[in-house]
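The values are calculated or read from the model by the stated rules, or taken from the named source; none is laboratory data. Remember, predicted model here, so these are calculated numbers, not experimental data. Neighbour counts run over all protein chains shown; Cβ positions are idealised from the backbone, glycine included. Side chains are part of the model used for accessible areas, which takes the heavy atoms of the whole protein and leaves out ligands, DNA and RNA. Shrake-Rupley method; radii C 1.70, N 1.55, O 1.52, S 1.80 Å.
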Amino acid sequence: MPAFSRFRQASPSRPDRDRPPLERVVVLIPTYNERENLPLIAARIRAAVPECDVLVLEDNSPDGTGEVADRLAAEDPKIQVLHRAGKEGLGKAYLAGFEWALERGYDAVVEIDADGSHRPEHLPALLAAAENADVVIGSRWVPGGSVVNWPAHRKALSVYGNLYISVLLGMPVRDATAGFRVYRTEALRAMGLERVESHGYCFQTDLTWKAVKAGLRIVEVPIMFVEREIGDSKMSGDIFRESLLNVTSWGVKYRAEQARSWLRRTSHPASASASGDPAGPRRRRGRRGRWQSLDG
């Protein structure tokens, strides 16, 4: 997305103790046909973190969600609405929200689903973790995390999907597909958002991979994920196939580059010392993200 090029900067690489406080935070809620859920989730967010602003990313829902969002905004100055032309995928909705927040000088953004599956009551813990991290993931698959009302096949799909991602991409993150997150805005600037390749649910994995490659500090906080009670799930076979194809493509490229790097090192072991680089090939492999799990 070209608009993000003007927001980019070098990777922050801040010592943990030097991260600035999060004074302005906006919670992003993407909506499409969430007329019944939106007032409920908005009220819970405002109760859990009353100091935070809320931005509804409304994709021109045919069920009237946009009108509900406008009514909530009229009643509460902490709630605003970004009306979009139509449904273009979760990723594009969040990218629009990121750009909105960056333009207005927010310190952090929160991703949360409108359907109640992400419990706003976890937000204080996620924001507390963000005081010492660049990216915070509300994780179902670290100790203390859980899912409620999921059928066995859905749980298996998520667990083994995350295992596949971790093995193929070499990421220590246990819930790379999670959609309940906090990003410092300076981290977003470092991640190269204009190069985001996914706009469906694979968007979350894409951003996790970019955060790891940018050398950002990622912390996972255990949460309870609750399957929606109102409305229909937007998970589909097409979403799963997009994720599988994209992750496989990234993984093949990553492992191929690893192999090429290994061949260069074994074929020319003296090249690093000859160039005057005492760190040798390790320095040229680039930054890798730092990961931590906060067990519940």
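For residue 183, which of the numbered conditions (1) farther than 19 Å from residue 243 by Cα; (2) open to solvent by 40 Å² or more (accessible area, probe 1.4 Å) fails to hold?
For residue 183, the exception is condition (2).
Considering the range 10-22 alone, what residues qualify as being modelled with pLDDT of 50 or more and under 26 Å from residue 92 (Cα atoms)?
Listed by number, the list holds a single entry, 22.
Looking at residue 123, is it crowded, with 17+ Cβ neighbours inside 10 Å and within 14 Å of the chain's Cα centre (by Cα)?
In short, no.
For the range 200-290, which fully contained helices (runs of 4 or more DSSP H) count at least 1 residues that are in contact with a Phe, Trp or Tyr (Cβ under 8 Å, 6 or more places away or on another chain) and modelled with pLDDT under 85?
Once the helices (runs of 4 or more DSSP H) in the range 200-290 are filtered for at least 1 residues that are in contact with a Phe, Trp or Tyr (Cβ under 8 Å, 6 or more places away or on another chain) and modelled with pLDDT under 85, what remains is 237-267.
Could you tell me which of the residues 142, 167 is of a type in the set (Val, Ile, Thr), open to solvent by 60 Å² or more (accessible area, probe 1.4 Å) and more than 28 Å from residue 35 (Cα to Cα)?
167
Of all the residues that make up the range 145-156, how many are modelled with pLDDT of 90 or more and within 15 Å of residue 177 (Cα to Cα)?
So the count comes out to 5.
Would you confirm, using the coordinates I've provided, whether residue 228 is under 25 Å from residue 50 (Cβ atoms), surrounded by fewer than 20 Cβ atoms within 10 Å (Cβ to Cβ) and basic (Lys, Arg)?
Yes, satisfied.
Return yes or no: is residue 94 crowded, with 17+ Cβ neighbours inside 10 Å, modelled with pLDDT of 95 or more and in a helix (DSSP H, G or I)?
Taking the combined requirement at face value, the residue satisfies it.
Considering only the range 113-135, how many residues are in contact (Cβ under 8 Å) with a residue 12 or more places away in the chain and more than 12 Å from residue 183 (Cα to Cα)?
13
Looking only at the range 126-170, count how many residues are of a type in the set (Val, Ile, Thr) and more than 16 Å from the chain's Cα centre (by Cα).
Selection size over the range 126-170: 5.
Taking into account only those residues within the range 65-81 that are assigned to a loop (DSSP other than H, G, I, E, B) and charged (D, E, K, R), which is least open to solvent (accessible area, probe 1.4 Å)?
Among those that are assigned to a loop (DSSP other than H, G, I, E, B) and charged (D, E, K, R), it is 76.
Please enumerate the residues belonging to the range 20-64 that are buried (at least 20 other Cβ atoms within 10 Å of the Cβ) and in a helix (DSSP H, G or I).
37, 38, 41, 42, 45
Of all residues in the range 107-120 being surrounded by 22 or more Cβ atoms within 10 Å (Cβ to Cβ) and either more than 13 Å from residue 43 (Cα to Cα) or of a type in the set (S, T, N, Q) (or both), which is nearest to the chain's Cα centre (by Cα)?
Among residues in the range 107-120 that are surrounded by 22 or more Cβ atoms within 10 Å (Cβ to Cβ) and either more than 13 Å from residue 43 (Cα to Cα) or of a type in the set (S, T, N, Q) (or both), the one nearest to the chain's Cα centre (by Cα) is 111.
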